[in-house]
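Q: Here's a structure for you.
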Amino acid sequence: MGMTMTQKILAAHCGEKHVEAGQIIQANIDLVLGNDITTPVAINEFNKSGCSCVYDQNKVVFVMDHFTPNKDIKAAEQSKQIRDFAKDKGIVNCFDVGEMGVEHALLPERGMVICGDLVIGADSHTCTYGALGAFSTGVGSTDMAAGMATGKVWLKVPSAIKFNLTGQLNKNVYGKDVILHILGLIGVDGALYKSMEFAGDGVASLSISDRLCIANMAIECGAKNGIFPVDEKTLEYVRARSNREPVVYEADPDAVYERVIDIDLSTVKQTVAFPHLPENARTFDDIPDIPIDQVVIGSCTNGRLEDLVIAADILRGKKVAKGVRCIVIPATQKIYLDAMEMGLLRDFVEAGCAVSTPTCGPCLGGHMGVLAKGERCVATTNRNFVGRMGHPESEVYLASPAVAAASALAGKIAPAE
Amino acid sequence: MLTKGTVIKYGDNVDTDVIIPARYLNTSDEKELASHCMEDIDKTFVTRVKPGDIMVAGTNFGCGSSREHAPLAIKTSGIACVVAKSFARIFYRNAINIGLPIIECDTDAIDEGDTLEIDFDKGELKNLTKNTTSTFAPFPPFLQDIIKAGGLLKSIGGQK
């Protein structure tokens, strides 16, 4: 019986020729990641275990991105704990304010994850790197601590759903619309415990940025990972950023999938996920006038340079509607600098947007854009749960950077024209 | 292992943002986290939960963020076990890794306030209020070893 792409990467990382769905393996980790919320808990666990050093000082990464630049004293203490631990243990890659970015934008950008890697991260959106043909999945802090100590993680080999993509996206339709469309089809537990394996002729037309966005929200379907086949675009992307040789895995022709879902990309429309679940996907055929108070353009889902270009093209020379607060957050320092050099930051500021230093901040209701009772926000982020961005009675509508920018101008949820 | 307790029931897709809102994640203090457990969907939880109570829910319990603070807050609040139709995968492994017992089985016939008795070794769940018995699949041996060791880091003690 053939293996899926995910199963092949897992087999290679536990020294087996063959693994099958349901099998529990101890896999070798190429990289273990934590942020300023999850790492303190992992450090506490690590210290309790009696270990004195991490398994590889080059393969543990801390990114202080959630409550940074620190929003309050407690958050500052957490960052300090990480900084001190990193210094004490000789962790090479500890990204602090000034060099950090939103972790899942930062690691691909720096070439820290490439094709064929196995990455665990104490952050649910670690699944983002599947876009580059890596196996990556979110875990908890204790898993992170065990990973730091041993370089291994226990994993149950997942079965898979194959998404057979054909056609090409229409103008103003992006990766975000594709994943929201998929969430509408299969629901927030539609891929529970499984891999989402993307395949088909349609993949080639998707940019790496779109693939990163789609893989990023695999967790929103309950998936263990989302993964794309490696093609010339992937190899060009990783070779420009890493000296390591990419290892390319392909699904066997006779790989077994629990389900195959065909998606013609040309039929996907601009999509918005309504409160309070990412599966509440609607297209503009079915969206009434909904006035909004805030727009957030950023996050690990849609804070890359490509996303800012899309938003700036819509906002340039226009003004954000009176009464709407539009917050733009380049996901990394490099993206910030590139956006500055391209004049995008000027476009945003002239349109009446606030531009922030990189942070996850508002996505999780941390800081830099928390919502009051009854307020509505269109966000390019990934979750719209009750209270996700602030008050339990606030509302988050998930959308692409194009819809977010168009909505900021219109003062209501609006499609990009 | 045997546990008996009163049911506190919730619906489908209880996410980690409502189990412990991110605004409280500026600490890893378990008691402080527990004092805010469930507050965005149930402000009464922290005042009515008693040690040994059993949390029961529908599908996809614990979806969303990877925050281990979520099972930690539930465990520290006194909940002895979470029973749900299905669990989101990161919550599932976090619960095992920190030693919060969880059970996957049908929960439609269990109501708020019912008294449950759970025998983890036999894989048996008795609803003493409704006088019914159902069974659930035990964990695979590897996961049982982690649970018996008292959590993941204790179970890997020999490998460090």
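The values are calculated or read from the model by the stated rules, or taken from the named source; none is laboratory data. Fair warning: this is a prediction, and the values are worked out from it, not measured in the lab. As a convention, Cβ positions derive from the backbone with ideal geometry for all residues, glycine included, and neighbour counts pool all protein chains shown.
Q: Kindly indicate whether B:I103 is touching a Gly at 6+ places or on another chain (Cβ under 6 Å) and closer than 23 Å to A:G222 by Cβ.
A: Answer is no for this residue.
Q: Could you say which residue among A:D65, A:D88 is assigned by TED's automatic domain parsing to the domain that holds A:N47 and in contact (Cβ under 8 Å) with a residue 24 or more places away in the chain?
A: A:D65
Q: Within segment B:73-97, can you find the residues that are charged (D, E, K, R) and either closer than 16 Å to A:K224 by Cα or away from chain A (no Cβ under 12 Å) (or both)?
A: B:K75, B:R89, B:R93, listed by residue number.
Q: Select from segment B:71-89 the residues that are closer than 25 Å to A:S159 by Cα and assigned to a loop (DSSP other than H, G, I, E, B) and list them in ascending order.
A: Those that are closer than 25 Å to A:S159 by Cα and assigned to a loop (DSSP other than H, G, I, E, B): B:K85, B:S86, B:A88.
Q: I would also like to ask the following. Scan segment B:133-151 and give yes if some residue there is outside any helix (DSSP H, G or I), among the β-branched types (V, I, T) and on the phi < 0 side of the Ramachandran plot, otherwise no.
A: Yes, segment B:133-151 contains a residue that is outside any helix (DSSP H, G or I), among the β-branched types (V, I, T) and on the phi < 0 side of the Ramachandran plot.
Q: Next question. Scan segment A:35-56 for residues that are modelled with pLDDT of 95 or more, at the interface with chain B (Cβ under 10 Å from one of its Cβ atoms), buried (at least 20 other Cβ atoms within 10 Å of the Cβ) and outside any helix (DSSP H, G or I) and jot them down.
A: Answer for segment A:35-56, where residues must be modelled with pLDDT of 95 or more, at the interface with chain B (Cβ under 10 Å from one of its Cβ atoms), buried (at least 20 other Cβ atoms within 10 Å of the Cβ) and outside any helix (DSSP H, G or I): A:N35, A:D36, A:I37.
Q: Among the residues of segment B:24-61, which ones are modelled with pLDDT of 95 or more, closer than 19 Å to A:N35 by Cβ and buried (at least 20 other Cβ atoms within 10 Å of the Cβ)?
A: Within segment B:24-61, B:L25, B:N26, B:L33 meet the criteria.
Q: Right, here's the next one. Please work out if A:A372 is aliphatic (A, V, I, L, M) and buried (at least 23 other Cβ atoms within 10 Å of the Cβ).
A: Answer is no for this residue.
Q: While we're looking at this one, here's another question. Please give the number of the condition A:K373 fails out of (1) away from chain B (no Cβ under 14 Å); (2) more than 11 Å from A:A312 (Cβ to Cβ).
A: Going through the list (1) away from chain B (no Cβ under 14 Å); (2) more than 11 Å from A:A312 (Cβ to Cβ), A:K373 breaks only (1).
Q: Just to be sure I understand, how many residues within segment A:133-152 are more than 8 Å from every other protein chain (Cβ to nearest Cβ) and crowded, with 24+ Cβ neighbours inside 10 Å?
A: Final tally of qualifying residues: 8.
Q: Continuing with the same structure: Would you point out which residue out of A:K318, A:K322 is touching a helix residue (DSSP H, G or I) at 6+ places or on another chain (Cβ under 6 Å), assigned to a loop (DSSP other than H, G, I, E, B) and modelled with pLDDT of 95 or more?
A: Only one candidate qualifies: A:K318.
Q: Considering each of A:G98, A:G130 in turn, give the residue that is in contact (Cβ under 8 Å) with a residue 40 or more places away in the chain, at positive phi, away from every other protein chain (no Cβ under 14 Å) and not in a strand (DSSP E or B).
A: Residue meeting the stated conditions: A:G98.
Q: Further question on the same structure: Looking at segment A:1-18, can you tell me whether even one residue there is farther than 24 Å from B:E30 by Cβ, surrounded by fewer than 22 Cβ atoms within 10 Å (Cβ to Cβ) and within 14 Å of chain B (Cβ to nearest Cβ)?
A: yes
Q: Please specify each residue of segment B:8-61 satisfying the condition of being within 11 Å of chain A (Cβ to nearest Cβ) and in a strand (DSSP E or B).
A: Those that are within 11 Å of chain A (Cβ to nearest Cβ) and in a strand (DSSP E or B): B:D15, B:F61.
Q: Limited to segment A:162-188, what total is found for residues that are of a type outside the set (G, A, S), within 14 Å of another protein chain (Cβ to nearest Cβ) and surrounded by fewer than 23 Cβ atoms within 10 Å (Cβ to Cβ)?
A: So the count comes out to 1.
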